[in-house]
Amino acid sequence: MLKNRGTLFLLAGVFLMSACAHYTLVEPVKKDIGGSYSVEPQIAWNRSVQGKIEIWTIDGPTLEAVHFFNGISDGQNLFPFHGNSDRKAKLPKFNKNMTANEAQEFVVDSMMAPYGRSLVGPNMIGTGVQAYNLRPFKFGSHPGFRFELSYLSEEGLEYDGFVVGTIKADQLFLVCYAGAREYYYPKYKETAENIIASIHMP
Amino acid sequence: MTFKSSCIWILALCLTCLSCASTQVQDIQPGEKPALESDEAGLWMVMDDIEANLKTSGRVEHDPELNDYVKKILCKLQPNYCDDIRFVIVQTPHFNASMAPNGFMQIWTGLMLRAQNEAQLAYVLGHEIGHYQRRHSLIQWRTIRDTSSALIFLQLVAAGAGVGYAGSIAQMVAMAGIFAYSRDMEREADDIGFEIIADAGYDFHEAANIWEALIEERDAADQPDQFILFASHPTTGERVNAMRKMADQLESQGRAGHPYQREYLDATRPFRAKWLKNELRKRDFAASQVVLKHLLSTGDNPGELHFYQGELYRMRAKQGDHEKAIASYQQALRCEQYPPAALRSLGLLFWKTGKVEAAKDSFKNYLNLHPDAPDYEMIKSYIEEIQ
């Protein structure tokens, strides 16, 4: 019986490990993001990369994380989706001619898409997403935009966040910092502000 | 308890009760609770946990006035069961309502958006009350348990447990699927819902009207299989005809009722913009077009509806849609009231189509009308860019 239980625990462990993203350490030195621009992290972060999305976190991605969306091309979804193709067709798609208002709508609609989304960016799946204070922002030396976010997770946890972005060479670049409103968002907000202030995009 | 652990409880219940014998099921009485040692009590326990989970979900609409309004309708329909039936309004843009065996009801905002009057919502709630009163989920549970369909039941539970981040809609659909009723049960719930609304003084013609509107929407939809309600409620023209016939019979007996449209529109108007925005996020624009058509027929706040008609065209962005969107926004602006965002959307489309002066005017009007706009600085920067 004990042997069987041990086997079960082992299998469960293997299953859970296979479900986890692979993380590497980001040293607090100038860091290249997807070959498109660089930032200076100032403190060490844990980094995972899934396709065009890079996620940095300290306490865990559901508590707080910086998401770097690197070069979303015309016609692409914000979050990768591997399910039913009919449902994928109903997800918001980036358009290279989007204004800042439409890019904001693209982010919010992607977060709130009523059909299933992938595991990527678990703290960027929300309900009742409110975007506010959309304003111009210099993404490195490029004209861009910034807006703030507040939303609830499916489980009802309150989140705050902000997004900065720009469209360069027909591709959308976004940096989003979001975290649980209680404790975690304010904990690293200043550090995240320093990251976006350090963006260097040639 | 999480959804997954609830599903494990259901599995355990299902497996341990395979040998139980089915018994005749009586209607549930007001205030009645199942005996602790019964399989029904086990079913209630699982549903109590799911209810507790769902009540803290980010999708629940907590607005006290809206919840009070729905509660009043439920109590008006069945005063004796008023304390037994609990509900949550779930912010999901699909048409659905479901009733768990413990008296816990889910009412989705997609249903509330589509109902055109209180009588239509009351009919759907009455239908779900019918399932509860007749203990349909318990009968269904025992039928499944005692037949080879148990495997299908287990698969449904497993599907529900395995969805993970795929979204709680899938979880809710899986739960609704578990208690998908037979056609006879649906017919019985239809009859009960019909009788309940007629007795409560509602216009009983509205029962057929809401089904008919939904069938029209399904027939127009890009993806009719995405109609969650039809997965568990096989709605057919035959059922609509049966309800029309029942309504005609009652009318011939001199019975009449009230749709309570004004009351319904007053209660739901503050939420309609949010529900419409979520409706458009489904990106099934042909189906949403039918929803908008029916809402426009109420004549309530047409400025808002023309604005969302414009938003539909703008988001769909097929050939000629920009022009249609501009026409819809302009129609909204001719109404007594309209969302200031109509001016912003109009400005953005003018700007994109090279009509820069018209764009600048629209943006300026937007900022004048909406000095607290959440995108004030951005729109100001557009004006500066145009100049």
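The values are calculated or read from the model by the stated rules, or taken from the named source; none is laboratory data. Predicted model only: the values in this text are computed from it and were never measured. Neighbour counts run over all protein chains shown; Cβ positions are idealised from the backbone, glycine included. Quick note on the areas: whole protein, heavy atoms, side chains included, nothing else; ligands and nucleic acids left out. Shrake-Rupley method; radii C 1.70, N 1.55, O 1.52, S 1.80 Å.
For the reader, a short list of remarks on this structure follows.
- Qualifying residue in the range B:336-344 (condition: closer than 22 Å to B:ASP300 by Cα and out of contact with any helix residue (DSSP H, G or I) (no Cβ under 6 Å at 6 or more places or on another chain)): yes
- Residues of the range A:161-175 that turn out to be part of a strand (DSSP E or B) and open to solvent by 30 Å² or more (accessible area, probe 1.4 Å), as a count: 3
- Among the residues of the range A:100-131, not one is modelled with pLDDT under 65, on the phi > 0 side of the Ramachandran plot and at the interface with chain B (Cβ under 7 Å from one of its Cβ atoms).
- Restricting the first member to the range B:305-317 and to residues that are farther than 16 Å from A:ALA103 by Cβ and more than 13 Å from chain A (Cβ to nearest Cβ), and the second to residues that are acidic (Asp, Glu) and in a helix (DSSP H, G or I), the beta-carbon pairs closer than 6 Å and six or more apart or on different chains are B:TYR313/B:ASP321.
- A:THR62 out of contact with any Gly (no Cβ under 7 Å at 6 or more places or on another chain), β-branched (Val, Ile, Thr), more than 12 Å from A:CYS176 (Cα to Cα) and within 11 Å of chain B (Cβ to nearest Cβ): yes
- The residues on offer are A:ALA178, A:ALA192, and the sole one that is closer than 20 Å to A:GLN50 by Cα, more than 11 Å from chain B (Cβ to nearest Cβ) and surrounded by 17 or more Cβ atoms within 10 Å (Cβ to Cβ) is A:ALA178.
- B:PHE87 satisfies every condition listed in (1) at pLDDT below 95; (2) under 19 Å from the mean Cα position of the chain (by Cα); (3) away from chain A (no Cβ under 14 Å) except (1).
- Of everything in the range A:75-98 that is facing chain B (nearest Cβ under 10 Å) and assigned to a helix (DSSP H, G or I), the residue that is farthest from A:GLY144 (Cα to Cα) is A:ASP86.
- Single residue of the range B:43-67 satisfying the filter (in contact with a helix residue (DSSP H, G or I) (Cβ under 9 Å, 6 or more places away or on another chain) and open to solvent by 70 Å² or more (accessible area, probe 1.4 Å)) that is nearest to the other protein chains (Cβ to nearest Cβ): B:GLU65
- Selection of the range A:137-152 for residues being of a type in the set (Ser, Thr, Tyr), away from chain B (no Cβ under 11 Å) and in a strand (DSSP E or B) yields only A:SER150.
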